[in-house]
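Here is the structure we will look at, set down as structure tokens.
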Amino acid sequence: MTTTTHTPPPVTAEKKTGPWLALLVAGVFEVGYALSVNGSKGFTNLVWSIVAIIFFLFTLFFLSVALKKIDVGIGYAVWAGIGAVGAALLGPVFFDEALTLVKAFWLAVIIGGVVWLKLADSATLTPNTTDPTTPVDEQG
């Protein structure tokens with residue numbers, strides 16, 4: 001029986017950037033979705049309702065693309081964080097909503113959490129648990 005070693009292919013910048021870019025786009029569409037749902041007044045305004053449905057479909061599409069390569073817990077948290085922060089910051093711009101200092105503080109906490117989640121997913125902070133000298137059939 002021969003023993004083969006498994007060397008993972010090198011990770012290119014494009015392979016790591018693509019899913020995160022898709023997640024960012026999904027987050028932007030999530031902000032649009034949240035704002036348009038608010039504008040639809042419970043889906044009673046036809047134009048805002050159609051816009052909400054379109055944003056909803058795009059946010060789900062880009063989120064599903066991103067989650068092909070990003071862990072669901074990390075991806076969902078980042079996506080929801082982008083949506084929450086974006087909606088909270090743009091709500092006062094488009095609607096009669098207030099952004100207080102307390103809200104701004106907690107939005108900063110969300111942003112900090114999203115940044116730390118991204119850093120936790122980076123190669124420099126993720127330990128390599130696979131020893132390339134260990135045969136494939138022994139790695140489990």
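Please treat every number below as a calculation from the coordinates, not as lab data. Keep in mind the model is a prediction, meaning the values are calculated, not measured.
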Which percent of Cα-Cα pairs in the range 30-111 sits in each 5 Å bin, short to long? 3, 15, 20, 21, 18, 14, 8, 1
On a straight-distance basis, which lysines could pair with Lys16 in a cross-link, Cα separation under 19 angstrom, same-chain partners fewer than 8 positions away excluded? Lys68, Lys69, Lys118
